[in-house]
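> I'd like to ask you about the structure that follows.
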Amino acid sequence: MVKKVLLVGDNPTIVGGVTNYTRALFEEFTKRESIEVYYLYSSHRVDADNSFFKKTRLVNEDIRLYKIGNSKNLEKNYDHLQLDIESPFNDRQFEKALDIILPDVIHIHEMIGFSVNIVHLAKKRGIKVIKTIHEYWWLCPHRVMIDYNRRICDGPSDIVKCTKCVKNRSSSFDSSRTHLTQKLQRDFPALINLYKRFKNSGTKEGGATPENLSFNNLDIQLEEGDVVLKESLTRRLKATIEALNACDLLIGVSQDVKDTLMRFGVLEDRILVQHIGSLIGANPIHHVKPVEPNDIVIGYIGGITYYKGVHQLVEAYLQLPDEFRAISRLEIYGKWSDGYYEGIKVQFSKHSDFKEKINFHGRFVPHDLPEITNTMDISVLPSLCADTAPQTIFESFSSGLPIIAPNVGGFPDFVKDGVNGLLYEKANVESLRFQMQKIIERPVLLEEFKRNIPHIKSISSNADELISLYQ
């Protein structure tokens, strides 16, 4: 019997790790005769259908693609946390989608634009609910578990700390203002771009305002009125854990996900650790670059933002002794935010080797990966957050590149220290420098690590696994 499966994710046109995966999974499912797949997402960014005068509604964008248009939810509801628990306007449109599609299984990947109430609405109808945990929205409104001092956080074990964190973020984040800005950007792009140029005209070289790259040392004080925020966060955490335990199955994309969820009350028997697939897994790239001991190329591929830790990679590289920088290079590929890149330049450009030994190449497309990775000897993924299973792991390994990564999140599931790469102490520049120096000193390690790179699961194989769980 053919099963109807509804995937819940983010806007499939967006380029990003989880969305790249869910889009590929959806496309793979459309080829299978054993299931009939549909996709639902909620608008929350600049959207042609968003309007001051339109109500939240369900939009059929394609035969099997539905969207909740004019959503009342944002990507992060700091000042309206109740919307993460229950969002009446969006929840009603979700129920309309259920009425139309009549799914047997709902597989939730992203919660952006949705409330946890969708789990309960589906269960009331007897629908099987599976949730893959790709990030920590369920524990942290900020999703990445980085605290207000920009350090890795262990989760909501201290609700007072969470209250300070959300207070700090919501003080500079207002949902009404964000909605207005999005609509103005859509309707009057020329005016907004003119404003941005004027705003940045006083910065160095007319560029963006440089972002601060340091850890903060904030001492946030709670006031009497903040008890309401604390209670809201307590309710949110209780509601998210209850919703997770109401699911039929939770898929943790790494062991760290399972361990973390269990610490906060998610039932162990609900969680299956299953690594996700990757498009590149079916077509691994043949790495042909020979190792040249006098020109070791350290590479980075991925988004260039604070949470990805590229500034720490630059700092660690520049701390290498002169003789090791002389026989190595750092090549960085990926789209950057202007403020972050300006911050890196301000902090490091005075170093003589910043321009000589470090190259920022900018945005790339997947088609470019074979050429890019064949210029590198090793990939460094210096995340400052507990990335659960970033696609850059699969891209690096499928390209024949060993990896240097922090001992946090999902990295240890894939990178085995001294076997197919090296692990370093999370957010520790000196530890990262030490591991890079080890590779430059002993390039013979690269060939040893390459031989132990694991096979990367394809989207097709992952789809087979999931279909068996849907039955």
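> Can you put 1, 111 in order, fewest other beta carbons within 10 Å first?
Listing 1, 111 from fewest to most nearby Cβ atoms yields 1, 111.
> Taking the alpha-carbon centroid of each part, what is the distance from the range 108-146 to the range 295-317 in angstrom?
Taking the Cα centre of each part, the range 108-146 and the range 295-317 sit 32 Å apart.
> Another question, then. With just the Cα atoms of the chain, tell me how far they stretch along each of the three principal axes, in Å, largest first.
66, 55, 44
> Hey, another quick one. Throw me the Rg/Rh for the range 276-325, computed over C-alpha atoms with Kirkwood Rh, two decimals.
Rg/Rh for the range 276-325 comes to 1.08.
> Still on this model: At R0 = 30 Å, how high is the FRET efficiency between residue 295 and residue 368 if r is their beta carbon distance? Nearest 0.05 is fine.
Once rounded, the FRET efficiency stands at 0.90.
> Measure off 7 Å from each Cα along the Cα-to-Cβ vector at residue 337 and residue 15, then give the distance between these two points in nanometres to one decimal.
1.8
> How much FRET efficiency would the formula 1/(1 + (r/R0)^6) give for residue 350 and residue 218, where r is the Cβ-Cβ distance and R0 is 35 Å, rounded to 0.05?
After rounding, the FRET efficiency stands at 0.80.
> Among DSSP bridges having both ends in the chain, what percentage is antiparallel? Round to the nearest 5.
Within the chain, antiparallel bridges account for around 10 percent of the total.
> Once Rh for the range 283-451 is found with the Kirkwood sum over Cα pairs, what is the Stokes-Einstein diffusion coefficient at 20 °C and 1.002 mPa s, in µm²/s?
Here the translational diffusion coefficient equals 136 µm²/s.
> Sticking with this structure for a sec: If r is the Cβ-Cβ distance from residue 226 to residue 157 and R0 is 22 Å, what FRET efficiency results, to the nearest 0.05?
The value I calculate is 0.75.
> Next question. Under 17 Å Cα to Cα from residue 167, which lysines show up? Leave out anything in the same chain fewer than 8 places away.
76, 230
> Continuing with this model, one more query. Label points 7 Å out from Cα along the Cβ direction at residue 59 and residue 32: separation in nm?
2.9
Read-outs: derived from the displayed coordinates by stated rules, not from any lab. Quick caveat: nothing in here was measured; it's all calculated off a predicted structure. Note that each Cβ is placed from the backbone with ideal geometry, even for glycine, and that neighbours are counted across all protein chains shown.
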